[in-house]
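Asker: This is the structure, below, for whatever I ask next.
The values are calculated or read from the model by the stated rules, or taken from the named source; none is laboratory data. Just so we're clear, the structure is a prediction, and the values are computed from it rather than from any experiment. FYI the Cβ positions are ideal-geometry reconstructions off the backbone, even for glycines, and counts take in every protein chain you see.
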Amino acid sequence: MPPRRAVKGRPARRNVEEQELPNAHEVQPQGEVTNVEFREAIRTLSQVVTNQAVQQRGARQEEADTSRIHEFLRMNPPSFTGSSTSEDPENFVDKLKKVFDVIHVTDTVRIELAAYQMKNVARTWFDQWKGVE
């Protein structure tokens, strides 16, 4: 590592009063602000920030849901129609469990994704059962 060179001379002083912030807006005082007005302004700002956070969270949730469905469908999950006697519902459930173990989803999401794979009569049965509860 090369040796450091010493700085000769006196370091330049900054005149703080002469410095200006770029794009700084000049604020014109409008008189006294009451506590009530100040609280109202803070409350309004809090509501705006809260609304923005909720909207951003909602957008992220929709994106997460979409990617979860995409990941599920990439796993080539089985479908179940319930209209053929050769279809084994237990086999359908076992294959879905394997997929769910790989993608790590909650029980609620498992039900939604499994219902998505039900077709024809099986979907009708599920919708009727769901409407009963």
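Asker: Which one is surrounded by the most Cβ atoms within 10 Å (Cβ to Cβ), of the residues in segment 69-81 that are part of a loop (DSSP other than H, G, I, E, B) and of a type outside the set (V, I, T)?
Answerer: Going through segment 69-81, the residues part of a loop (DSSP other than H, G, I, E, B) turn out to be 75-79, 81.
When the remaining residues are screened for being of a type outside the set (V, I, T), the result is 75-79.
On the way: M75: 14, N76: 8, P77: 19, P78: 15, S79: 13.
Among those that are part of a loop (DSSP other than H, G, I, E, B) and of a type outside the set (V, I, T), it is P77.
Asker: I need a count of the residues in segment 102-120 that are surrounded by 13 or more Cβ atoms within 10 Å (Cβ to Cβ) and either in contact (Cβ under 8 Å) with a residue 12 or more places away in the chain or over 23 Å from the mean Cα position of the chain (by Cα) (or both). Full working, then the answer.
Answerer: Here is the first cut: in segment 102-120, the ones surrounded by 13 or more Cβ atoms within 10 Å (Cβ to Cβ) are 103, 105, 109-120.
If we keep only those that are either in contact (Cβ under 8 Å) with a residue 12 or more places away in the chain or over 23 Å from the mean Cα position of the chain (by Cα) (or both) as well, we get 103, 105, 109-110, 113-120.
Going through segment 102-120 one residue at a time, the tally reaches 12.
Asker: Can you find a residue in segment 49-68 that is in a helix (DSSP H, G or I), surrounded by 13 or more Cβ atoms within 10 Å (Cβ to Cβ) and on the phi < 0 side of the Ramachandran plot? I'd like the intermediate steps shown before the answer.
Answerer: Keep residues of segment 49-68 that are in a helix (DSSP H, G or I), which gives 49-68.
Now drop any that are not surrounded by 13 or more Cβ atoms within 10 Å (Cβ to Cβ), which leaves 68.
Those left that are additionally on the phi < 0 side of the Ramachandran plot: 68.
Checked against the condition, which is being in a helix (DSSP H, G or I), surrounded by 13 or more Cβ atoms within 10 Å (Cβ to Cβ) and on the phi < 0 side of the Ramachandran plot, segment 49-68 yields at least one hit.
Asker: Scan segment 112-119 and give yes if some residue there is part of a helix (DSSP H, G or I) and over 22 Å from K130 (Cα atoms), otherwise no. Steps first, please.
Answerer: In the first step, residues of segment 112-119 are kept if they are part of a helix (DSSP H, G or I); the result is 112-116.
With over 22 Å from K130 (Cα atoms) added as a condition, the list becomes none.
Looking for residues that are part of a helix (DSSP H, G or I) and over 22 Å from K130 (Cα atoms), one finds none in segment 112-119, hence no.
Asker: How many residues does segment 85-101 contain that are hydrophobic (A, V, I, L, M, F, W, C) and over 28 Å from the mean Cα position of the chain (by Cα)?
Answerer: Of segment 85-101, the ones hydrophobic (A, V, I, L, M, F, W, C) are 92-93, 96, 99-100.
Remaining after also requiring over 28 Å from the mean Cα position of the chain (by Cα): 92-93.
The qualifying residues number 2.
Asker: Can you find a residue in segment 82-92 that is surrounded by 10 or more Cβ atoms within 10 Å (Cβ to Cβ), modelled with pLDDT of 90 or more and assigned to a helix (DSSP H, G or I)?
Answerer: yes
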